[in-house]
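The values are calculated or read from the model by the stated rules, or taken from the named source; none is laboratory data. The shown structure was predicted, so the numbers you read here are calculated from the model rather than taken from an experiment. So basically every Cβ, Gly included, is an ideal-geometry build from the backbone, and we count neighbours across all protein chains shown.
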Amino acid sequence: YKFNSKEWEKNKQVWCFMIENIISQNTLTGKTNSETIELLGDPTFKTNRWGNELYQYRTTQKSGQYLHWYLYVEIENDTVIEVEKGLD
């Protein structure tokens, strides 16, 4: 799936499939905090990692019975520096 902000906003079922495109196309790298929120909406969770903000977008897709896929977005000095896919 190619990332589409409108589809992302209205259909959480496609998140897991769009994550790969977001990462491979560097869709978020270099974006500001507010640009990221504008594209993806509010994160499922916000936390800090090594002094940087970390946004977590939890997909509806699971790997196995318990683990959900996430899109992790790390922000340093109001700029996205890293985007990765992971499990909770």
Provide a single number: the residues in the stretch 45-88 that are at pLDDT below 95 and of a type in the set (Val, Ile, Thr).
3
Residues that are exposed (fewer than 13 other Cβ atoms within 10 Å of the Cβ) and either in contact (Cβ under 8 Å) with a residue 60 or more places away in the chain or among the basic types (Lys, Arg) (or both), at least 2 per element: which strands (runs of 3 or more DSSP E) completely within the chain meet that?
45-49
Looking across the stretch 12-35 at residues that are polar (S, T, N, Q) and farther than 9 Å from VAL80 by Cβ, the single one that is modelled with the lowest pLDDT is GLN13
